[in-house]
Amino acid sequence: MLAYRHAFHAGNHADVLKHLVLVQVLRYMVGKDKPFRYIDTHAGAGGYQLKGAVAQKKTEYREGIGRLWSRADLPPLVADYVQLVQRFNLPPAEDGRLPALEKGMTPPLALYPGSPSLASLLLTPFDKLHLYELHPADARTLAAHFGGEKRSRVMQEDGFAALKKELPPTPRRAVVLIDPSYETVGDYSRVVASLREAVQRFAEGVYMVWYPQVSRVEAVQLPKRLTGVAPKGWLHVRLTVAQPDQQGFGLAGSGVFILNPPYTLHQQLAELMPWLTEQLAQYDGASYLIEELPG
Ligand SMILES: C[S@@+](CC[C@H](N)C(=O)[O-])C[C@H]1O[C@@H](n2cnc3c(N)ncnc32)[C@H](O)[C@@H]1O
């Protein structure tokens, strides 16, 4: 079953959290003088029209990136991420590349980049992007974005299964984003099983797992199960912005579990999360959690 379309949710509070963390992880990786492989097991379409009929159905982006868009008082890490999204909203130059932002310029918010596009803006020509997406339409869009790039490969395959053949990478440096739709309950167990197998093959990789904060036992148990895969060397951040609805449904927030995080990440999140929680709160009980067990 592939009914999930990320276009309905692009730029919402969960994307903001996930992509803020991703940008900081990738910035750290490119700061070292050694190429690496970025593996996105559930890549999505790569970019989304926010003014199109799909995104306009729920307008979730308004309570996410929309709340940060034109602000002049963003903390530096948030400004870094928002400026990347703003660049994605500029018309490409003649060579197809996205131009740099002019100082003080804020384009209208019309597009939201998916994780592959944020990675593409940050990675060097020597790094590689390996992008997996199973949905035929999203895989086609992704291939149209990245198909012509020498450093990128787009594969319409099961991203969980693909991790086996990806690891260990050559050279031995990689960031893996595991960002399923959790459309079927089996995704929770597949995340745990694939992370376990990935770590057996390549223990030193940087792994990021996103998960939704929803009222189902598998989601609640997931962070604990992930700490079982890697008893040490992990960081877990969660942002709760809303209350579940009266039936107990709805996305209250989301979390990111990072295995082998950059040593700088905990401090960055400790500075960022109180501010972010306040900005993205949809009710008085909004909160965040950061926990870590260093390696
Ligand atoms: C949450 S979205 C990804 C969003 C993207 N990582 C981002 O941050 O922009 C999850 C995607 O996984 C795709 N998908 C679902 N099952 C998959 C599988 N087994 N392998 C690869 N992609 C899958 C869905 O079609 C959907 O586009």
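The values are calculated or read from the model by the stated rules, or taken from the named source; none is laboratory data. Just so you know, these numbers come straight off a predicted model, no measurement behind them. Ideal geometry is used to build each Cβ from the backbone, glycine not excepted, and the neighbour counts take in all protein chains shown. Please note that ligands, DNA and RNA were not included when accessible areas were found on the heavy atoms of the full protein model with its side chains. Shrake-Rupley method; radii C 1.70, N 1.55, O 1.52, S 1.80 Å.
Segment 15-63 and segment 160-206 have Cα centres lying 18 Å from one another.
Rg to Rh for the chain: what is it, with Cα atoms only and Rh by Kirkwood?
Details: Rg = 17.9 Å, Rh = 19.3 Å.
Radius of gyration relative to Kirkwood radius: 0.93.
Probe radius 1.4 Å, ligands and nucleic acids left out: which of Lys34, Lys57 has the largest accessible area, and how do the rest follow? Please report the intermediate quantities before stating the final value.
Numbers: Lys34 115, Lys57 155 Å².
The ordering from most to least exposed comes out as Lys57, Lys34.
Largest GNM mean-square fluctuation across Tyr132, Tyr38, Tyr283, computed for the chain with C-alpha springs under 10 Å, falls on Tyr283. Measuring with a 1.4 angstrom probe and ignoring ligands and nucleic acids, Arg153 comes out at about 120 Å² accessible. Computed with the Debye formula from one identical point scatterer per Cα of segment 69-180, without solvent, the log10 of I(q)/I(0) at q = 0.23 Å⁻¹ comes to -1.37. When the Debye formula is applied to the Cα atoms of segment 185-295, each taken as the same point scatterer, what base-10 log of I(q)/I(0) results at q = 0.14, 0.16, 0.17, 0.20 Å⁻¹? For segment 185-295, the Cα-only Debye profile gives -0.60, -0.76, -0.84, -1.08. Remark: segment 6-293 carries 45 Å² of accessible area per residue (probe radius 1.4 Å; ligands, DNA and RNA excluded). Build a GNM of the chain with springs between Cα atoms under 10 Å apart, and of Ala162, Ala43, Ala100 the one that fluctuates most is Ala100. The share of Cα pairs per 10 Å bin across segment 2-62, counted from zero up to the longest distance, runs 20, 42, 26, 11, 1 percent.
Its residue count N fixes a reference of 2.2 N^0.38 Å for segment 242-295, and the Cα radius of gyration divided by that reference is 1.36. The simple spin-label model puts a point 7 Å past each Cα toward its Cβ; for Leu251 and Phe126 those points are separated by 3.7 nm.
For the chain, a Gaussian network of Cα nodes joined below 10 Å ranks Ser189, Ser115, Ser254 by mean-square fluctuation, and the top entry is Ser189.
Put Ile65, Ile290 in order of accessible area, highest first, and with a 1.4 Å probe you get Ile290, Ile65.
Just from its helices, what would the mean residue ellipticity at 222 nm be for the chain, if runs of 4 or more DSSP H residues each count -39500 (n - 2.57) and the sum is divided by every residue, rounded to the nearest 500 deg cm²/dmol?
Working: 9 runs with 109 residues, N = 295.
Calculated at 222 nm, the ellipticity per residue is -11500 deg cm²/dmol.
Here each label is just a point 7 Å from Cα along the line to Cβ, and for Gln243 and Leu74 those points are 3.1 nm apart.
Computed with a 1.4 Å probe over protein heavy atoms only, the accessible area of Phe249 comes to about 140 Å².
In the complete set of protein chains, residue-level accessible area for Glu292 is approximately 70 Å², probe 1.4 angstrom. Counted over all Cα-Cα pairs of segment 62-111, pairs farther apart than 14 Å make up 49 percent.
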